[in-house]
Amino acid sequence: MNASKSSTTPSLVDYAAKHGMRHRLSSLALPKARQLMRHGFLQEVPSLASGSLPGGLDNSWLAQVDYAYEGRSEIERSYFTLVLTEAEASAGYAVRVLCRDRGLNKRDRSNPDSDREVVQLDDKAVRLESDAFLERYEVSTDHDQDQLSVWQLFDPSLIQWLTAEAPAGFSFELQDGAPSCFVPGFTADEAASDQAS
């Protein structure tokens, strides 16, 4: 979705009010930098709801975000709806795990930090046993990530949900104990937002 935000673009105001969350328009940044947002040179958060999300996710954020990048002839933007929360228990065994829907464009699936790494080692692809999952998703980790820990993260119920029930374009990043889940485009649809969280 490469269109500018307009008055017809849904914001998260109603969603936040219904779920007792705080809402801000036009925030400058998310609480933690997301790898997704580092693809571009400018990030914006035009609508941000914070508080408790359905499913017991306390101290979480639901945000509409975008990043800008140089296109072929002009500045272009990529738009996403993102859920950001904490999972401190994962920090010790999953430093960086990326699970990206293959339907995302190549830019959004890439590692934007690869040019800044001191030791340049390619990300390591992770193979799981579900062919249906691997048709829809690609999973990668830091080169030195313990693969057993990653396999434990993707238990059968998560693989089933991602393969059969996750919204179109759904992807997630788990980095330093902070998972973020996202779908392309701006949405304020309650069912989609609840599903992503």
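Results, tabulated for the structure shown:
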{"item": "Selection count, the stretch 125-169, where residues are among the charged types (D, E, K, R) and modelled with pLDDT of 85 or more", "result": "6"}
{"item": "Total residues in the stretch 82-104, condition out of contact with any Gly (no Cβ under 7 Å at 6 or more places or on another chain) and assigned to a strand (DSSP E or B)", "result": "8"}
{"item": "Subset of the stretch 30-81 (residues that are under 19 Å from residue 177 (Cα atoms) and basic (Lys, Arg))", "result": "32, 34, 38"}
{"item": "Residue list for the stretch 11-26, restricted to those being among the aliphatic types (A, V, I, L, M) and either within 8 Å of residue 49 (Cα to Cα) or in contact (Cβ under 8 Å) with a residue 12 or more places away in the chain (or both)", "result": "12, 13, 16, 21, 25"}
{"item": "Filter result for the condition that a residue is more than 25 Å from residue 24 (Cβ to Cβ), out of contact with any helix residue (DSSP H, G or I) (no Cβ under 7 Å at 6 or more places or on another chain), of a type in the set (Gly, Ala, Ser) and modelled with pLDDT of 85 or more, over 114, 90, 73", "result": "73"}
{"item": "Within the stretch 16-46, tally of residues that are surrounded by 14 or more Cβ atoms within 10 Å (Cβ to Cβ) and at pLDDT 90 or above", "result": "4"}
{"item": "Filter pass, residue 62 being within 29 Å of residue 124 (Cβ to Cβ) and either surrounded by 16 or more Cβ atoms within 10 Å (Cβ to Cβ) or in contact (Cβ under 8 Å) with a residue 24 or more places away in the chain (or both)", "result": "no"}
{"item": "Residue in the stretch 139-152 that is surrounded by fewer than 19 Cβ atoms within 10 Å (Cβ to Cβ) and touching a residue at least 60 places away in the same chain (Cβ under 8 Å) present", "result": "no"}
{"item": "Residue identified as exposed (fewer than 15 other Cβ atoms within 10 Å of the Cβ) and either in a loop (DSSP other than H, G, I, E, B) or modelled with pLDDT of 85 or more (or both) among 78, 11, 6, 50", "result": "6"}
{"item": "Enumerated strands (runs of 3 or more DSSP E) restricted to the stretch 125-194, each holding at least 2 residues that are of a type in the set (Ser, Thr, Tyr)", "result": "137-141"}
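The values are calculated or read from the model by the stated rules, or taken from the named source; none is laboratory data. This one's a predicted model, so the numbers in the text were calculated from it and none came from an experiment. With ideal geometry, Cβ positions are generated from the backbone for all residues, glycine too; neighbour counts draw on all protein chains shown.
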